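Shown next, in structure tokens, is the structure this report addresses.
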Amino acid sequence: MSKLKLAIYWAAGCGGCDVSVLDLNERILKVAEIFDIVLWPIAADFKYADVEGYPDGSIDVCLFNGAIRSAENEHLAHLLRKKSKILVAYGACAHIGGIPGLANFFRHEDVVQQVYKKAVSTLNPEGTIPAERTATQYGDLTLPKLFGRVRTLDQVVKVDYYLPGCPPVVEQAWGAITALASGKRPPAGSVVGASEVSLCEECKRKKAEKKIREFKSIATFQPDPEQCLLEQGIVCCGPATRAGCGSRCVNANVPCRGCYGPPAGVVDQGAKLLSAVASIVDSEDPTEIARILAAIDDPAGTFYRFSLPSSLLRGAQHKETA
């Protein structure tokens, strides 16, 4: 019996999703028994021309991680959709936009200026900005067009399944890969390996329905390891985040960051979290409420840390083209 064919692709992301596959450790050998890997740029020297030459639908499963940030990402999304029977949005960036999606709060040209000219870690005395096309004595050098907006994978092509997380936990990745290989697949469009409920529903911390009069920073405050973090004044995304990660962050006494995306039925993760935070503020005085909320550093970036491109906002509204 011939082996199934697996593709793994890294778009706009940090590479952690590729590492999560490697974190299968010895089980990666089992993956190799089940699949022939036909694309995995981080691990082997495949060319895009190789993929273009594959028959349409010949790839059984494609794990596509990373958001759509550039013309190259967009091209590969369409190409791998065409070549794959099953396309999986693997990880938070492909699923809901991820950390790269925070760029949607800013103008495209401001992001470029910050990265190449203004960042304190940048050494660029000539102020060079990369161009899409540069003529040299050896011919034209090209770079992919960088879009003004970050998009999720399913905003570009049809997605069959989603594996949330930054990155997906190893057990979830293994369960999803083996399930897809076995043919025992959930309904199309499912979020695989995660729960339908919020993280708070599975969290073991004690909840006392306590309201707060101040928010605290995890950098300067040591929370009680048994009490609800939100009720201690630590912004925890648990009320607005899908369970399924094993509560790893909160079990380590740090707040949930929201990387598993919204639970079933929640349209906008950031709005849901804002509602949860507002409900525990112990004041009805506008001035006092403003003082309490002012302690939350970068509320927009906190509430939409992973989900801005998939939210109702999508980002700040600017007069610019993609």
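Take every Cα-Cα pair in the chain and report what % of them are more than 38 Å apart.
For the chain, the fraction of Cα-Cα distances above 38 Å is 22 percent.
If you project the alpha carbons of segment 199-310 onto the principal axes, what extent comes out on each, in Å, largest first?
37, 32, 24
Considering the chain as a Gaussian network with a 10 Å cut-off on Cα pairs, which listed residue, Val250, Val120, Val277, attains the greatest mean-square fluctuation?
Val120
Using modelled backbone amide H atoms (1.01 Å from N, in-plane), which distant-in-sequence or interchain residues come within less than 5 Å of Trp40's amide H?
Distant-sequence amide H within range of Trp40: Ile8, Phe46.
To the nearest 20 debye, what charge dipole does the chain have about its Cα centre, counting +1 at the Cβ of each Lys and Arg and -1 at the Cβ of each Asp and Glu?
So the dipole magnitude of the chain works out to roughly 340 debye.
Which residue, Gly148, Gly238, Gly265, tops the fluctuation ranking in a GNM of the chain built on C-alpha contacts under 10 Å?
Gly265
With the cut-off at 23 Å, tell me which of the pairs Lys3/Lys85; Lys3/Lys82; Lys85/Lys145 have Cα atoms farther apart than that.
Violating the 23 Å limit, Cα to Cα: Lys85/Lys145.
List the trypsin sites (Lys or Arg not before Pro) within segment 27-110 that fall in a DSSP loop (any state other than H, G, I, E or B) and whose Cβ has at most 16 other Cβ atoms within 10 Å.
Sparse-neighbourhood loop trypsin sites (Lys or Arg not before Pro): Lys47, Arg107.
What is the magnitude of the charge dipole of segment 107-147 about its Cα centre, with +1 placed on the Cβ of each Lys and Arg, -1 on the Cβ of each Asp and Glu, and no other charges, expressed in debye to the nearest 20?
That gives a dipole near 100 debye.
For a Förster distance of 25 Å, can you work out the FRET efficiency between the beta-carbons of Ala278 and Glu226, rounded to the nearest 0.05?
Here the calculated transfer efficiency is 0.50.
Treating cross-link reach as a plain straight distance, find the lysines whose alpha-carbon is under 27 Å from the alpha-carbon of Lys272, omitting any fewer than eight places away in the same chain.
Lys158, Lys204, Lys206, Lys207, Lys210, Lys211, Lys216
Could you tell me which residue out of Leu146, Val120, Ala135 lies farthest along the dipole of segment 107-147 toward its positive end? Charges go on the beta carbon: Lys and Arg +1, Asp and Glu -1, centred on the Cα centre.
Val120
Once a ≥ b ≥ c are taken as the square roots of the eigenvalues of the Cα gyration tensor of segment 107-147, is the result rounded (a/c under 1.5), prolate (a/b larger than b/c) or oblate (a/b not larger than b/c)?
Oblate, because a/c is 1.5 or more while a/b does not exceed b/c.
Have a look at the DSSP beta bridges in the chain and tell me what percent are antiparallel, nearest 5.
Taking every DSSP beta bridge with both residues in the chain, the antiparallel ones total about 30 percent.
Laboratory data are not the source of any read-out in this text; all were calculated from the coordinates shown. Not measured: the values here are computed from a predicted model. All Cβ positions, glycine included, derive from the backbone under ideal geometry; neighbour counts span all protein chains shown.
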